[in-house]
Every structure is written in C-alpha cells, then in structure tokens.
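The next block holds one structure in the form of structure tokens; read it before the comments.
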C-alpha cells in the first residue's frame, strides 16, 4: 500500500481541482460575484511579495524543483528505492501545484466576460461592419506610425523595457477612475522581463503570468511595437482577467487610454492585426476583395512594422517548439473551461468590432442626427398647431 500513497494523494488533489472547476462551471454567477475580487487581492499580495526581486521567483522555483527531482532520482538509484513509489510522489507534487493554481486563479475562467464589466454590447456583425472596423484601426495605426521615432533602417524605436513597464499602469488607472471600470482596479506593478527569453521566443511565447507567485512577465525580445500591448495583456491576467480574448481586449483598452503615443500606437497596431486576420479568414470573394482594399491602405511605415513583426517570429520560432507550446497552452486553456483553446486569442476581433460600433459608429450617427434636426423645418416637425395658434 505504501507504494501507492503518492498516486492516491495525486488523485485526491486532481479530483478536488476537477470538482472546483465543475462547481464554478455550474455556478458562474456566484463565481463572478466573489472569486475575481478575492483572487485579485491575493494576486496583489503575491505581486508585492515577489516584486522584491527583479528576477522571476517562479523560474528560480522551477530550477530548484528540477535540481530536487534529479537529486532524488540519483538517490533512488543509489539506494535502490522503488521507481513506482518515486513517480507517485512526483505526480502528487504536480497535482498539488495544479490544485494551488485552481484555487488561486483557475476559477476565473468561469467568471463573467469582460464585455459585461466594461458595458460593451457584443453582437453578431456583418462583413461591412468588420471591414469598417478594420479600416478604422488601420487609419489610426497609420497616423501613429508616422509619429514614431525610427532608426536608420526605418525600424520603430521605443523607450527601453523598464521605462515602458513603468508607464503601463496609467491606462488601467484611466479606465478605473475615469470610466468607472472596477474590473481594472488590480495590481499595477510593472511587469518583469521574462527569463530564458530565447527559449520562449523559439516557442512564439510573448509573455507569461504565473498566478502562484503573482508575477506578470513579458518577453523582452519581441518587436518594440508589440511590447506595450503585451505588457498590458499580462497585467490584465494578473488582475484575474483569465480568458485570452478578454486579456487582449483589456490590453487594447489600457493602451489606447494611455497618454503615451507608444502605447496608443501599440493598441491600434495590434487591433488592426487582429481585425485584419479576422477579415482575411472569411472565405468569400467579397471578403478577400475587402481585405485587399484594406491592406492597400496601410502606409509605408505601418507596412514596414507589420513586415518586421511577422519576420521576427518567422525567423526566431522553431516549428516543433511552437507546436509543443501551442498544444500545451491549448490543453491548459481547455482544461480550465474555455473550449476555444488558443483560438481565443484571435476572438478579440469580435470585441474590437463591437467596440468600434458602440464607441465610434453609433455616437457619430447620433451626432449627425442631432445636427441635422431643425425644429422650425416643417418637413421634420408638424408646425400646423403653432400656425393655428398664431391665427
């Protein structure tokens, strides 16, 4: 029996984690009312604790765990311990870590959508509405691309990582206190640099947030134009916005609300990329023609940055490492309750189109209607009663 205690312990932690996720899936309203606020406080506490050092605490812990496992493996061979028993306790440790992650963060996957928290009405949209939104983001990206400082090769040059990280919280402050979006009232400590950056770059990973230590980290090697957006994306995760499309949308909102032009360019650059990809993925001749027209409208600076962004990942990524990372991430997302998996990243286009309709199109239509109304125009107002009274 003693050989199976590790497996039994692993099974208990796994079952408890599974049970918590199933309860959260069933009682989503209760989870949304309580869990994000509790875990946001916990994440702030953990971020304050782990923020005492510049390096990532979780990466130190990973190294120590690997060393511990190797040491116990060597001891097992020397003293001829039972391999089955050793594997059981390894599984127990892994199961406990997942249970800890579920209790500290994982149930946020079953909280309400970010759209509800920011009062965004998300509806189905037409191809024309998707096209118009893509044009809107492209035009703003065009405008900011012209204003960005560039080097001799024409590449955009942003401020250094630490300076940008220190400014990333401003947009969330604006959203919280000027727009009354309490969902963003989380920890605003700067993100850290992601260690082992070359390894993560080979897997196409731009950032990692570790809830067990409250650390949000961004790959410092990614193109400058994506850094502000990615910083805000990872900060949103630390605020317990778990779903990837919601974290992307939070990243957009925080960047466009920031007074810094680098953050604003990053917001509209990434929004344009996501919406253009959504438009190009529509399998109709009409959509293909629309995508071609939209792409042709990008100015030389924006095209240069788009090409540089794509070239960076095409050159740096390792296909096998990327597939492995995507499979692991897809499994993690689905296990925690989001059936769309890694596709959820691109689903931010739905939120971006709805935001464009609600915040740009509808207000413009309302203003136009108000400006065109003339109370003395008999074609708009029935003036017969006034005329009769004057008689």
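The values are calculated or read from the model by the stated rules, or taken from the named source; none is laboratory data. From a predicted model like this one, the values you see are computed outputs, not experimental measurements. Glycine gets a Cβ as well: all are built from the backbone with ideal geometry, and neighbour counts include every protein chain shown.
Could you go through the range 9-32 and let me know if any residue there is surrounded by fewer than 17 Cβ atoms within 10 Å (Cβ to Cβ), closer than 26 Å to residue 196 by Cβ and free of Cβ contacts under 8 Å to residues at least 60 places away in the same chain. No, the range 9-32 has no match at all.
Number of residues in the range 153-211 that are closer than 30 Å to residue 119 by Cβ and part of a loop (DSSP other than H, G, I, E, B) equals 14. If you go through the range 27-36 and keep only what is in contact with a helix residue (DSSP H, G or I) (Cβ under 9 Å, 6 or more places away or on another chain) and part of a helix (DSSP H, G or I), you end up with 28, 30, 31, 32, 35, 36. When the range 94-119 is filtered for residues that are touching a helix residue (DSSP H, G or I) at 6+ places or on another chain (Cβ under 8 Å), more than 20 Å from residue 43 (Cβ to Cβ) and either without any contact (Cβ under 8 Å) to a residue 40 or more places away in the chain or buried (at least 19 other Cβ atoms within 10 Å of the Cβ) (or both), only 95 remains.
Would you mention how many residues in the range 278-292 are part of a helix (DSSP H, G or I), over 11 Å from residue 134 (Cα atoms) and without any contact (Cβ under 8 Å) to a residue 40 or more places away in the chain? Qualifying residue count, the range 278-292: 4. When 254, 310 are checked against the criterion of being crowded, with 17+ Cβ neighbours inside 10 Å and either assigned to a helix (DSSP H, G or I) or touching a residue at least 24 places away in the same chain (Cβ under 8 Å) (or both), a single residue qualifies: 254. From the list 232, 275, 240, the lone residue that is touching a residue at least 40 places away in the same chain (Cβ under 8 Å), crowded, with 17+ Cβ neighbours inside 10 Å and not in a helix (DSSP H, G or I) is 240. From the list 72, 134, the lone residue that is at negative phi, in the same structural domain as residue 18 (by TED's automatic domain parsing) and either surrounded by fewer than 14 Cβ atoms within 10 Å (Cβ to Cβ) or in a helix (DSSP H, G or I) (or both) is 72.
Checked against the criterion of being modelled with pLDDT of 95 or more and within 30 Å of residue 349 (Cβ to Cβ), the candidates 93, 106 yield just one match: 106. Applying the set (1) outside any helix (DSSP H, G or I); (2) in contact with a helix residue (DSSP H, G or I) (Cβ under 9 Å, 6 or more places away or on another chain) to residue 7 leaves exactly one unmet item: (1).
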